[in-house]
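The values are calculated or read from the model by the stated rules, or taken from the named source; none is laboratory data. Since the structure is predicted, the reported quantities are computational estimates derived from the model, not experimental observations. Neighbour counts run over all protein chains shown; Cβ positions are idealised from the backbone, glycine included.
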Amino acid sequence: MKTALIVISAIVATAWGYSAGAPESVCDDMTPKHPVEPQKSPLPYTISVSKKEAKGGEIVDITIGGKTFKGFLVQVRNGDKAVGSFQIPDTDKYSKPINCHGTNGSGATHKNAVEKKDLVLKWKAPEASGNYQVYVTVAEDGGTFWAGQPTQKIKIN
């Protein structure tokens, strides 16, 4: 009985261990360390960008829309590296920046497990021109999530 209780406690602790946001250690594969595998079905959330083309230094709004969710990790990548920076004030109730691939604020994640809906993140484009890909991980809850999904593209001129 004690062993079963310890195992159950460990699983619950693991599932809720990142309710305050993704750690930098998941920046590469964008996969939460939950005790279950990511969903294989298509992402049931809508990811939209305010601009498909922008100049270096411009702000682009990235929105996670659709049904409610509790956790997320968003990056805009050039190849396999997160670039640009998310402009998130410390007073934001739901989001915070994280440093991925050695770039300050190049990822955005959740601050808590409060349900979120139609969340808008402000991303500042890097100065380098190119075609960039928005990647998202969205967790409906601790046991249901979609990891590292490529979504919108943004061209920086």
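Here is the figure for the range 121-157: residues that are within 12 Å of the chain's Cα centre (by Cα) and exposed (fewer than 15 other Cβ atoms within 10 Å of the Cβ) total 1. Do we have any residue at all in the range 74-83 that's within 24 Å of P126 (Cα to Cα), in a loop (DSSP other than H, G, I, E, B) and either touching a helix residue (DSSP H, G or I) at 6+ places or on another chain (Cβ under 8 Å) or among the hydroxyl-bearing types (S, T, Y) (or both)? No - not one qualifying residue is present in the range 74-83.
A Cβ distance below 9 Å, combined with a sequence gap of six or more or placement on separate chains, defines the contacts here; from the range 139-157, residues that are without any contact (Cβ under 8 Å) to a residue 60 or more places away in the chain and on the phi < 0 side of the Ramachandran plot reach residues that are surrounded by fewer than 17 Cβ atoms within 10 Å (Cβ to Cβ) and assigned to a strand (DSSP E or B) in the pairs P150/Q133. A search for C-beta distances below 6 Å between a residue of the range 82-96 that is closer than 13 Å to G21 by Cα and without any contact (Cβ under 8 Å) to a residue 40 or more places away in the chain and any residue that is surrounded by 14 or more Cβ atoms within 10 Å (Cβ to Cβ) and of a type in the set (A, V, I, L, M, F, W, C), counting only pairs 6+ apart in sequence or on different chains, returns S95/I88; S95/A108. Of all the listed residues (D141, D61), the sole one being at pLDDT below 95, out of contact with any Leu (no Cβ under 6 Å at 6 or more places or on another chain), more than 20 Å from D28 (Cα to Cα) and charged (D, E, K, R) is D141. Every condition in (1) outside any strand (DSSP E or B); (2) on the phi > 0 side of the Ramachandran plot; (3) of a type in the set (G, A, S) holds for G105 except the one numbered (1).
Being surrounded by fewer than 14 Cβ atoms within 10 Å (Cβ to Cβ), of a type in the set (D, E, K, R) and in contact with a Phe, Trp or Tyr (Cβ under 9 Å, 6 or more places away or on another chain) is a property that K33 has.
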